[in-house]
Amino acid sequence: MAQASYLWNPPQPASLPVQGIAARFPVHRIFCVGRNYHAHALEMGRPVDKTAARPFYFTKSPSTLVESGATVPYPCGTSNYQFEMELVVAIGASGFRVTEKDAARLIFGYAAGLDMTRRDLQLMARDQGRPWDLGKDFEKSAVCTQIVPIGNLGVLSRGAVTLQVNGETRQTSDLSQLIWNIPELLADLSQFYHLEPGDLIYTGTPEGVGAVKPGDKITGHIDAVGDVALTIGQTE
Ligand code: MN
C-alpha cells in the first residue's frame, strides 16, 4: 500500500515512558472518572449513593498529555486552576464488555497523574448542564508519570495517595477509598467503549482539591506506583 501523503506532518502520537522498558507507551485515549471518592463528591456538593448510581466519565484529548516534571503555564480563561491527584490505569489489551473477574488482563500498568482542572469553567458548565470540555480538556491538563508495568503489583486495591503543594500536604487518602474499584471501572467502561491498548483511565481524585498559582510546585505520591511533579509557570 502506498504511503499516505499529508498536507503537513501529522503530530507524533502522545506517549509515556515505561519503567524498565526502552519502548514508550503510545497513548490512544484518556478517560477520566468523575466523583469516585465519597469525600471528594461531598466537597463538590454531589454526594454519591453507589446503590443508585453508576460511574460517569469525561475524556481528555491525548494531545493534552504532559509528562511529570514539566512546567506548564497558568492556563488562559480561568481564575481557579486546581489540582486533582489520581491513580492512572494504563490499558494494554483489548476488552469489550469484560467482567470484573476478567478485567485484570486488560491492565498493562499504573501511573500517578494529575487531572488539572479549570474549576470555575467546569462548575459553570456543570450548573448550566453543558459539557465539561472547557474545564477539563484543555492544553497540558493531563499530567502523568512513567508507567509502571503491573508485574507483581496485581490489581491495586489499597495504597496511600497524597499530594503536596510547596511541601504542604493538601490531599491524603488511600486507593481503598475508591467508590468504584479498578475491576468495577473496567467492567463498566467497557460496556460503552471497546477498550484498546494505549487507553489511560484517570480513576478520580480524593478530597482536598484546591487552587494553585504561578510559581507553585505540586508533588504527588501513590504507593508502589510513583511520584508526579508539576510546576506552575506564569500566566500565558
Ligand atoms: Mn479528576
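When restricted to residues that are among the hydroxyl-bearing types (S, T, Y) and free of Cβ contacts under 8 Å to residues at least 60 places away in the same chain, region 44-65 contains 1. Residues of region 218-235 include at least one that is among the aliphatic types (A, V, I, L, M) and outside any strand (DSSP E or B).
The single residue among V161, V143 that is part of a strand (DSSP E or B), within 19 Å of F25 (Cβ to Cβ), under 15 Å from the mean Cα position of the chain (by Cα) and not acidic (D, E) turns out to be V143. One residue stands out in region 85-128 among those that are of a type outside the set (G, A, S), within 24 Å of A23 (Cβ to Cβ) and part of a helix (DSSP H, G or I): the one that is nearest to the ligand (Cβ to nearest atom), namely L106. The condition of being more than 15 Å from L200 (Cα to Cα), without any contact (Cβ under 8 Å) to a residue 40 or more places away in the chain, within 19 Å of the chain's Cα centre (by Cα) and within 12 Å of the ligand (Cβ to nearest atom) does not hold for Q82. Filtering region 129-157 to residues that are within 12 Å of the ligand (Cβ to nearest atom) and either polar (S, T, N, Q) or surrounded by fewer than 17 Cβ atoms within 10 Å (Cβ to Cβ) (or both) leaves only S141. When region 162-219 is limited to residues that are buried (at least 18 other Cβ atoms within 10 Å of the Cβ) and at positive phi, the one that is farthest from the ligand (Cβ to nearest atom) turns out to be G198. Can you go through P131, P214 and tell me which one is over 24 Å from E67 (Cβ atoms), over 17 Å from the mean Cα position of the chain (by Cα), in a loop (DSSP other than H, G, I, E, B) and not hydroxyl-bearing (S, T, Y)? None of the others qualify; the one that does is P131.
Residue pairs whose Cβ atoms lie under 7 Å apart, separated by 6 or more positions or on different chains, with the first residue in region 25-39 and closer than 14 Å to Y193 by Cα and the second more than 16 Å from the ligand (Cβ to nearest atom) and of a type in the set (S, T, N, Q), do not occur.
Could you figure out which of (1) in a loop (DSSP other than H, G, I, E, B); (2) in contact with a Gly (Cβ under 8 Å, 6 or more places away or on another chain) isn't true of Q171? Every condition holds for Q171 apart from (1).
If I ask for residues that are hydroxyl-bearing (S, T, Y) and either more than 16 Å from the ligand (Cβ to nearest atom) or not in a loop (DSSP other than H, G, I, E, B) (or both), which ones from region 57-67 would you list? Y57, T59, S63, T64 - these are the residues of region 57-67 that are hydroxyl-bearing (S, T, Y) and either more than 16 Å from the ligand (Cβ to nearest atom) or not in a loop (DSSP other than H, G, I, E, B) (or both).
Beta carbons closer than 6 Å, at least 6 apart along the sequence or on distinct chains, pair a first residue in region 189-202 that is closer than 23 Å to M85 by Cβ with a second that is of a type in the set (K, R) and at pLDDT 95 or above for D199/R29.
The values are calculated or read from the model by the stated rules, or taken from the named source; none is laboratory data. All figures in this text were calculated on a predicted structure; none of them were measured in a lab. For neighbour counting, all protein chains shown are included, and Cβ atoms are generated from backbone atoms with ideal geometry for every residue, glycine included.
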